[in-house]
1. Do you know which residues across the range 54-96 are under 15 Å from LYS120 (Cβ atoms) and not in a loop (DSSP other than H, G, I, E, B)?
2. Inside the range 95-123, can you point out the residues that are out of contact with any Lys or Arg (no Cβ under 8 Å at 6 or more places or on another chain), buried (at least 21 other Cβ atoms within 10 Å of the Cβ) and among the hydrophobic types (A, V, I, L, M, F, W, C)?
3. Taking the condition crowded, with 16+ Cβ neighbours inside 10 Å and of a type in the set (Lys, Arg), does LYS139 pass?
4. Yes or no: PHE3 surrounded by 12 or more Cβ atoms within 10 Å (Cβ to Cβ), modelled with pLDDT under 95 and not in a helix (DSSP H, G or I)?
5. Can you tell me which of GLU78, GLU71, GLU106 is over 16 Å from ASP8 (Cα atoms) and among the acidic types (Asp, Glu)?
6. Looking only at residues that are in a loop (DSSP other than H, G, I, E, B) and among the acidic types (Asp, Glu) in the range 130-161, which one is nearest to TYR93 (Cα to Cα)?
7. Could you identify the single residue in GLU60, GLU50, GLU71 that is among the charged types (D, E, K, R), at pLDDT 95 or above and touching a helix residue (DSSP H, G or I) at 6+ places or on another chain (Cβ under 8 Å)?
Amino acid sequence: MNFDFSDDQKLLRDQARKFLHDKCDRKSVRTVLDDDKQLFDKELWSQISEMGWTGTAIPEEYGGLGLGMLELCVIAEELGRSLAPTPFSSSIYLFAEFIKSYGTEEQKKKYLPLIASGEKVGTFALSETNGTPKPTNIKTDFLSGKINGYKSPVSDGEAAD
């Protein structure tokens, strides 16, 4: 049994690694971390969006590349390796995956193309202050387009649209 990446996945990894080596050095990471007003590297986000990374595992019918989770993991591993200051995990792994799995068709058509293009940043608010996330502990509600309650922590919540 071969557990190695396919040749295409290795090529994707190598391209991502080279790109991030060139565009995301330690100085640029430190600049974002030291600036209280800069939530993430918007230029880097724009560039990875243009390359389609934000739409890697989003189906083509919703504006994504339609690749698999393994390809998404290859890219995420390289983003982590470079410490890329982007909302990739919250927007792509949490928000997009939740909408893909549990969203209505209307929600998929509305949000997934915006996430795939990098135009919008999403996140996922799960935990509340009162213990384990289970249905009986949920006190937060959503009425008339507003979330009422308290969720903590919400990864990239301040950066999310």
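The values are calculated or read from the model by the stated rules, or taken from the named source; none is laboratory data. These numbers come from a predicted model, not from an experiment. Reconstructed Cβ throughout: ideal geometry from the backbone, glycine too, with neighbour counts over all protein chains shown.
1. Passing the criteria: THR54, GLY55, TYR62, PHE88, SER90, SER91, ILE92, LEU94, PHE95, ALA96.
2. If the condition is that a residue be out of contact with any Lys or Arg (no Cβ under 8 Å at 6 or more places or on another chain), buried (at least 21 other Cβ atoms within 10 Å of the Cβ) and among the hydrophobic types (A, V, I, L, M, F, W, C), then PHE95, ALA96, ILE115, ALA116, VAL121 are the ones that fit.
3. No: the conditions fail for LYS139.
4. no
5. Just one listed residue meets the conditions, GLU106.
6. Looking at residues that are in a loop (DSSP other than H, G, I, E, B) and among the acidic types (Asp, Glu), I get ASP156.
7. GLU71
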